[in-house]
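A short worksheet on the structure shown next.
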Amino acid sequence: GQQLNQSPQSMFIQEGEDVSMNCTSSSIFNTWLWYKQDPGEGPVLLIALYKAGELTSNGRLTAQFGITRKDSFLNISASIPSDVGIYFCAGQLWGAQKLVFGQGTRLTINP
Amino acid sequence: EAQVTQNPRYLITVTGKKLTVTCSQNMNHEYMSWYRQDPGLGLRQIYYSMNVEVTDKGDVPEGYKVSRKEKRNFPLILESPSPNQTSLYFCASSLGLDITYEQYFGPGTRLTVT
């Protein structure tokens, strides 16, 4: 099936550092979503993007919908311990209704 | 509190022993879905339901069954579990199928089949 390539697969950073992760695909998406999964919990929606070029912020998080509609990135500024978890991108293919998920980026923060 | 609940949270079973994982939501959502999460593969959709008595296959439906007899419940059935169904399973619900409706995920069920 259709896959999103999410990178990096894991990150180990120091508290206070900025974080950047991205998703790419060979297909065009008309929606990009970013989720966070805390340990032992289900994913929770962080940011939704609906227009090419759209840049949206949610507190210290910023995400962008790529101009080509084939990629998206998520930035986290000034990381804190509660940012630890797995971050997933998800996209809706043009003309489809279901979501396709990336493989996830596991974020670990050293205090 | 608006939520999606799953039971059990953890389950260890043997090959071939039928099992059911329950999912219930209290938000009157029409759309419900089951995913499995495996390392390196992200979340993959197993089955989804757009309303009572309306279900359809997702990307990885083999070995699974679902039913939607009531709006709030969407159980996942493994008639004859096999070790390759060892995984972390999530149920999700949303107001409708439209992508603009946020999906709410349950806490997950970790299944081990030996």
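The values are calculated or read from the model by the stated rules, or taken from the named source; none is laboratory data. Note that the structure is a prediction, hence the values are computed from the model and not measured. Here the Cβ is made from the backbone with ideal geometry for all residues, glycine too, and neighbour counts use every protein chain on show.
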Which numbered condition B:K71 fails, given (1) in a helix (DSSP H, G or I); (2) closer than 18 Å to B:N28 by Cβ: (1)
Selection status of A:N30, under 16 Å from A:A90 (Cβ atoms), at pLDDT below 95, in contact with a Cys (Cβ under 9 Å, 6 or more places away or on another chain) and surrounded by fewer than 21 Cβ atoms within 10 Å (Cβ to Cβ): no
Residues satisfying the stated conditions in segment B:88-102, i.e. at the interface with another protein chain (Cβ under 7 Å from one of its Cβ atoms) and within 16 Å of A:V100 (Cβ to Cβ): B:F90, B:L97, B:I99
Checklist (1) in a strand (DSSP E or B); (2) modelled with pLDDT of 95 or more; (3) more than 13 Å from B:A92 (Cα to Cα) applied to B:D56, failing item: (2)
Residue match in segment A:99-106 (condition: within 30 Å of B:Y89 (Cβ to Cβ) and away from chain B (no Cβ under 11 Å)): no
Every residue from segment B:9-25 that is surrounded by 13 or more Cβ atoms within 10 Å (Cβ to Cβ) and aliphatic (A, V, I, L, M): B:L11, B:L19, B:V21
Looking only at segment A:54-86, and only at residues there that are assigned to a strand (DSSP E or B) and among the small types (G, A, S), the one that is surrounded by the fewest Cβ atoms within 10 Å (Cβ to Cβ): A:S57
